[in-house]
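Engineer: Okay, here's the structure, questions in a sec.
The values are calculated or read from the model by the stated rules, or taken from the named source; none is laboratory data. Here the structure is a predicted model, which is why all the values come from computation and not from measurement. Here the Cβ positions follow ideal geometry from the backbone for every residue, glycine too, while neighbour counts run over all protein chains shown. The area values use the complete protein model at the heavy-atom level, side chains included, leaving out ligands, DNA and RNA. Shrake-Rupley method; radii C 1.70, N 1.55, O 1.52, S 1.80 Å.
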Amino acid sequence: MKWMKFILASSVGLCLWGGVTTARAAKKVTLPAYPKQRVFTFKTKGTKVYSYPRAAYQHSDVLGADQSTTKKWTVDKVVTVKGKRYVRLALVSAKALPHGTIVPNATKTKTTLVGGYVALSKLKYHQQIAQIKAMKKTAYWTPTTTTDFWNMPAKSLGKTAANHYGHTYGYQTIDAIQSLTTTSKKRYLYFETAAGKAIGWLPQSAVIRGQYPDLLKRELNRNLAADTTALTTVDKAGHVKVGVALKNGQVQRVALLKQNSTTAVYDFKDGKAVKLTTRTSAGKVKQSVAMTQTTTNLTFKAQSDFDIQGYTYQVKVTPAGKVSVLSVGGWIA
């Protein structure tokens with residue numbers, strides 16, 4: 001079978017279904033043996049599903065009959081009886097991680113067919129993965145941290161789940177070691193940390209090739225010759241930071257690194273902020289506006305609201321560059 005040859009040739013190492021990754025050397029993803037975790041539909045309506053294959057136990061109960069040829073199923077167990085394969089049915093699922101301040105309710109679909117057995121020949125296989133292959137280790141970084149890492153791309157197999165928040169491994173260089181292309185032509189990359197710890201899959205469109213740039217350092221030094229720079233962490237978990245560039249003991253620029261990897265840059269003149277420039281993580285200007293500071297101290301809000309946390313902070317920067325951070329709110333609605 002071509003599919004079996006594809007699986008054997010694709011990669012070796014970590015098995016997603018019960019395997020363990022090491023922190024020193026991440027293993028490449030190996031797909032479970034066909035037909036486990038593949039996506040199927042029934043070939044015809046009215047196909048009976050049994051509590052156990054009738055060929056092995058004639059008194060098996062009839063759990064019900066499938067009424068759809070479009071509803072997708074997966075397989076979590078295979079039993080061979082007299083050379084014929086029977087499979088145990090499970091629901092197809094793609095479990096995302098909760099974001100924001102509300103934990104989504106688990107969806108429960110009641111069906112008597114889950115856990116029942118049917119002959120594999122009664123099912124139609126729907127291939128989701130066109131190719132999975134190893135690649136030369138290549139450095140990437142994430143320009144935003146809103147895309148989570150998955151153990152396999154959503155619904156590329158029967159049961160898939162997000163396993164790491166995007167910001168957990170954001171703001172650093174990560175290495176791609178495998179690529180995957182779906183039958184719908186979408187491409188994904190499998191990542192590990194620089195230390196070799198397995199992370200998971202991201203769409204190739206969600207990453208930028210190359211080493212992670214120090215975004216605050218880049219903005220503090222952009223067309224500016226400062227004597228010193230200093231960094232203050234506002235929210236460690238959210239990676240929210242403030243950088244200050246000084247010359248002759250006075251603030252020349254303040255840069256806020258936001259949780260979505262954008263930067264807000266305040267340029268100073270005579271001790272007061274006169275311009276605010278917002279840039280994307282790639283350095284492209286989103287907005288640049290003149291501003292008139294009414295006090296000698298610059299104050300602004302910093303926000304951290306991903307992943308079941310929600311905090312706003314008031315940040316104050318004096319003309320001499322002293323930064324103070326106060327939490328002013330929690331659990332953003």
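Engineer: Of all residues in region 176-207 being part of a strand (DSSP E or B) and open to solvent by 20 Å² or more (accessible area, probe 1.4 Å), which is farthest from THR147 (Cα to Cα)?
Structural biologist: THR181
Engineer: Enumerate the strands (runs of 3 or more DSSP E) found wholly within region 208-299, keeping only those where 3 or more residues are exposed (fewer than 13 other Cβ atoms within 10 Å of the Cβ) and touching a residue at least 60 places away in the same chain (Cβ under 8 Å).
Structural biologist: Ranges flagged: none.
Engineer: Every residue in region 154-172 that is part of a loop (DSSP other than H, G, I, E, B) and either without any contact (Cβ under 8 Å) to a residue 24 or more places away in the chain or open to solvent by 30 Å² or more (accessible area, probe 1.4 Å) (or both), please.
Structural biologist: Within region 154-172, ALA154, LYS155, TYR165, TYR171, GLN172 meet the criteria.
Engineer: Report, ordered by the first and then the second residue, all pairs with beta carbons closer than 9 Å, sequence separation of six or more or different chains, a first member in region 35-52 that is free of Cβ contacts under 8 Å to residues at least 40 places away in the same chain, and a second member that is open to solvent by 80 Å² or more (accessible area, probe 1.4 Å) and of a type outside the set (Asp, Glu).
Structural biologist: Within 9 Å, the pairs are LYS45/GLN67; GLY46/GLN67.
Engineer: Checking LEU123 against (1) surrounded by fewer than 19 Cβ atoms within 10 Å (Cβ to Cβ); (2) at pLDDT 95 or above, which single condition isn't satisfied?
Structural biologist: (1)
Engineer: Another one. Checking the condition farther than 17 Å from GLY115 by Cβ, open to solvent by less than 20 Å² (accessible area, probe 1.4 Å), outside any loop (DSSP other than H, G, I, E, B) and not aliphatic (A, V, I, L, M), which residue from THR41, THR80, THR74 passes?
Structural biologist: Result of the check over THR41, THR80, THR74: THR41.
Engineer: OK, next. Search region 309-318 for residues being surrounded by fewer than 19 Cβ atoms within 10 Å (Cβ to Cβ) and touching a Ser or Thr at 6+ places or on another chain (Cβ under 7 Å), and hand back the single one that is nearest to HIS239 (Cα to Cα).
Structural biologist: My answer is GLY310.
Engineer: Sticking with this structure for a sec: Take SER304 and tell me if it is under 23 Å from HIS99 (Cβ atoms) and touching a helix residue (DSSP H, G or I) at 6+ places or on another chain (Cβ under 7 Å).
Structural biologist: No: the conditions fail for SER304.
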